[in-house]
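The structure appears right after this line, and notes come after that.
The values are calculated or read from the model by the stated rules, or taken from the named source; none is laboratory data. Since this is a predicted model, take the numbers as computed values, not measurements. Glycine also receives a Cβ, built like all others from the backbone with ideal geometry; neighbour counts cover every protein chain displayed. For the accessible areas, the whole protein counts, side chains as well, though only heavy atoms, and no ligand, DNA or RNA atoms are used. Shrake-Rupley method; radii C 1.70, N 1.55, O 1.52, S 1.80 Å.
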Amino acid sequence: MATPGIPTLPTESLTATGFDSLESALSYLKADDTALVRRAFDTALAAHAGQFRQSGEPYVTHPLAVARILAEWRLDGQALAAALLHDVVEDTLITHEEIASQFGKAVAQLVDGVSKIDRIEFATLQHAQAENFRKMLLAMARDVRVILIKLADRLHNMRTLEGLPAEKQERVARETLEIHAPIANRLGLSGLFYELQDLSFRHLHPTRFRVLEKALAKARGNRRDAVGKITEAIRARLADFGVKADVQGREKHISSIYKKMQEKNISFSEVFDIYGFRIIVPDVAACYLALGALHTLYKPIPGKFKDYIAIPKANGYQSLHTTLFGPFGMPVELQVRTVDMHSMAEAGVASHWLYKSNESPSRDLQLKTHQWLQSLLEIQSESGDALEFLEHIKVDLFPGEVYVFSPKGRIFSLPRGATPIDFAYAVHSDVGSRCLAAKVNGEAVPLGTALRNGDRVEIVTDEAARPNPAWLTYAATGKARSQVRHYLKTRQSEESVELGGLLLGQALRSLGANPDAIRDEQWKRLSKGEAARSRDEVLADIGLGKRLAVVVAKKLVASPEAPAERAGRMESVTIRGTEGLAVQFAPCCRPIPGDPIIAQIRKGQGLAVHTHDCPAIRPFHFDPEKWVDVQWDAEPGRLFDVNVRLTAANQRGVLARLAAEIAEADSNIDRIETEERPSNAYSTIVFTIQVRNRMHLAQVLRQLRRIPEVVRIARLKRAA
């Protein structure tokens, strides 16, 4: 099913292998460009000779169809040549170098950007797909024509999907729905977006698609009179107000109707607004005049008006949207836009080639597209692998816009559910990394607060502030999530290297070796046969529990130049308490400075510190090689959470006095929980308070015991 604005390839051209089917659409090209496209066709025809599609057609019909779609978008000769050649590197003996020598470097780069990475072995199909998308999106960041060729390629593949096995049809359709359709939408190609959605729906849910298609055809006949009357009424009212307009009735796409049925949990018979109307006027002033005229014709439905002219969508889309109470109780959806806006809405970034006269809107869209593509490069530089990169991109491809303002009035478009953290990173990476607090509409709010349309957001920064792992639970944009993950990985690596150095030094000293005396030659000997890993990588593995310090130490001192191995007592590793990602304090016993402690090496997580009497340390589970003797630094650099269970008489004002005494003892309450009452006369409360060490805790407990109503108080060595 074709969509207005997106070319439908004539059926006869799919079976033709001659150049004539394409040449008729190339009248806009110069003679040299047409000759380039002709040479590309001849090369593709020869290269794909003897190859056939699943449908039985000659394979060259596919690149020919892709080029025809791009010709309808009026892309340049290089893009059309690349479209004709986009499969020759993958499927024939022609090389990238040969394309570059015959057609130029630009065409070769476009072909390379579209080609899959087939010659690399991947662990799973998902990894292969993710890596291919990463390659394609990064090539797109250098030249947007790459994604236009890829989208035209996918559009033709979706139109001819019937020849593939059912399982592959479903996989390709799902991939299209999750990646290609959202990219088309993000680039402003609305017609392509809707057609890809409809085609995906057709192959993912064929029975539902057929049922809705029949129901829509039936409704079309039943509602034809109503639509005709509304169209005439709109034209007459606009004429009364002196507005020249082209009024177009349009039928909603099947995938959009199905989505609405799902979201509202209604049947097809309950979907009244299957028709919408576009009013296309000469200029912006006429848009608002037409809107006023239409609001005098039918009553507007409150909350259903959106001004995308004053605040365009992220993909450059501009229009006025309103929904009115029409005749017979039928909702009437209207879109009011100028001719230029309509062209941009249909063609998106392709309007750069399609509508050369629309300089200003085209330039604005090109700028927005460029900014988004640059953000892809930023996310790529901070993503660990292709799957993580793809995850971040998917977040950005399904926005559902929320528009917020900076204190200076700058507009930011963010995904629905975005928080001040997302806003901070949207302003600048440094603002996000140093975010301390946020104000929304002048009031302080938690950093996890969901932003709403029209919010005025102010970020409070501090040079000492750093990203928090908790931000990942409510960051909604790919940029924010990738920046936070990048920082945490870097921080974890640094802390793990430091901790690994301490553990290795402890192990070396127990063998009678001086850690400072280990020479580069010994490290090189260790790295042989281990993919030449660096010293820092080895230390990070030790710190994260992926390697045993004792084993590494023995390999290092195995060198003839090193002192002979001598068993000795392991020295304690000093814990400061600030090694947030490499050292965690076990919630089962909540150790604080002054407690005798021991640490467990947990693979991939670093050290988990327990008290000596922790129930988690069971003799029959105790593996000496996985436990490390540790001790507290003389001056730990942080406060520690500790749980205190307190039973007090139920009297007015007791809780306030307890809080006052805790504050008086220079402590802070982090959390309060109440336990089930043993009687109405007494209440049992569990406080999570913050203390420096055991002496500080003892001081807090003494202060609390001075309150007469307190009958029992004790430290609770478990999480509250």
_Quick check on segment 206-222. Is at least one of its residues polar (S, T, N, Q) and open to solvent by 80 Å² or more (accessible area, probe 1.4 Å)?_
yes
_Residue selected from segment 230-253 under the condition touching a residue at least 24 places away in the same chain (Cβ under 8 Å) and basic (Lys, Arg), by the criterion farthest from LEU334 (Cα to Cα)_ = LYS244
*Any idea which residue in segment 260-290 is most open to solvent (accessible area, probe 1.4 Å), counting only those that are without any contact (Cβ under 8 Å) to a residue 24 or more places away in the chain and of a type in the set (Lys, Arg)?*
LYS264
*Considering only residues of segment 678-697 that are aliphatic (A, V, I, L, M) and surrounded by fewer than 14 Cβ atoms within 10 Å (Cβ to Cβ), which is modelled with the lowest pLDDT?*
ALA681
*Based on what the data block shows, is GLU675 of a type in the set (D, E, K, R), at negative phi and open to solvent by less than 50 Å² (accessible area, probe 1.4 Å)?*
no
*Of residues in segment 270-291 being in a helix (DSSP H, G or I) and farther than 11 Å from THR322 by Cα, the one modelled with the lowest pLDDT*: GLU270
*Is there a residue in segment 233-250 that is open to solvent by less than 50 Å² (accessible area, probe 1.4 Å) and more than 20 Å from ILE280 (Cα to Cα)?*
no
*asked:* Can you pull out every residue in segment 162-216 that is among the acidic types (Asp, Glu) and within 25 Å of GLY56 (Cβ to Cβ)?
replied: GLU162, GLU167, GLU170, GLU175, GLU195
*Restricting the search to segment 317-346, which residues are touching a helix residue (DSSP H, G or I) at 6+ places or on another chain (Cβ under 7 Å), in contact (Cβ under 8 Å) with a residue 60 or more places away in the chain and open to solvent by 40 Å² or more (accessible area, probe 1.4 Å)?*
PHE328
*Out of the residues in segment 445-457 that are open to solvent by 70 Å² or more (accessible area, probe 1.4 Å) and at pLDDT 85 or above, which is farthest from LYS408 (Cα to Cα)?*
PRO446
*Selection from segment 92-107 of residues that are more than 16 Å from ALA47 (Cα to Cα) and surrounded by 18 or more Cβ atoms within 10 Å (Cβ to Cβ)*: VAL107
*asked:* Show me the helices (runs of 4 or more DSSP H) found entirely inside segment 11-91 where at least 2 residues are of a type outside the set (A, V, I, L, M) and either farther than 21 Å from LEU155 by Cβ or open to solvent by 50 Å² or more (accessible area, probe 1.4 Å) (or both).
replied: 11-15, 20-23, 31-47
*Count, please, the residues in segment 298-316 that happen to be touching a residue at least 60 places away in the same chain (Cβ under 8 Å) and either in a strand (DSSP E or B) or surrounded by fewer than 19 Cβ atoms within 10 Å (Cβ to Cβ) (or both).*
1
*asked:* What are the pairs with Cβ atoms under 8 angstrom where one residue, in segment 49-74, is more than 17 Å from ARG145 (Cα to Cα) and the other, located anywhere, is assigned to a helix (DSSP H, G or I) and open to solvent by 50 Å² or more (accessible area, probe 1.4 Å)? Sequence gap at least six, or different chains.
replied: GLN51/ASP91; SER55/GLU162; GLU57/THR15; TYR59/ASP91; VAL60/LEU45; THR61/THR15
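This table checks each residue for (1) in contact with a strand residue (DSSP E or B) (Cβ under 7 Å, 6 or more places away or on another chain); (2) closer than 26 Å to PHE585 by Cβ.
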| site | (1), (2) |
| --- | --- |
| ALA648 | yes, no |
| ARG652 | no, no |
| ALA659 | yes, yes |
| ILE662 | yes, yes |
| ALA665 | no, yes |
| ASN668 | yes, yes |
| GLU675 | yes, yes |
*Is one or more of the residues making up segment 470-487 under 30 Å from ILE311 (Cβ atoms) and open to solvent by 60 Å² or more (accessible area, probe 1.4 Å)?*
yes
*asked:* Condition first: surrounded by fewer than 18 Cβ atoms within 10 Å (Cβ to Cβ), of a type in the set (S, T, N, Q), over 35 Å from the mean Cα position of the chain (by Cα) and in a helix (DSSP H, G or I). Can you find one or more residues in segment 224-232 that meet it?
replied: yes
*Criterion violated by GLY442 - all others in (1) open to solvent by 10 Å² or more (accessible area, probe 1.4 Å); (2) touching a Phe, Trp or Tyr at 6+ places or on another chain (Cβ under 9 Å) satisfied*: (2)
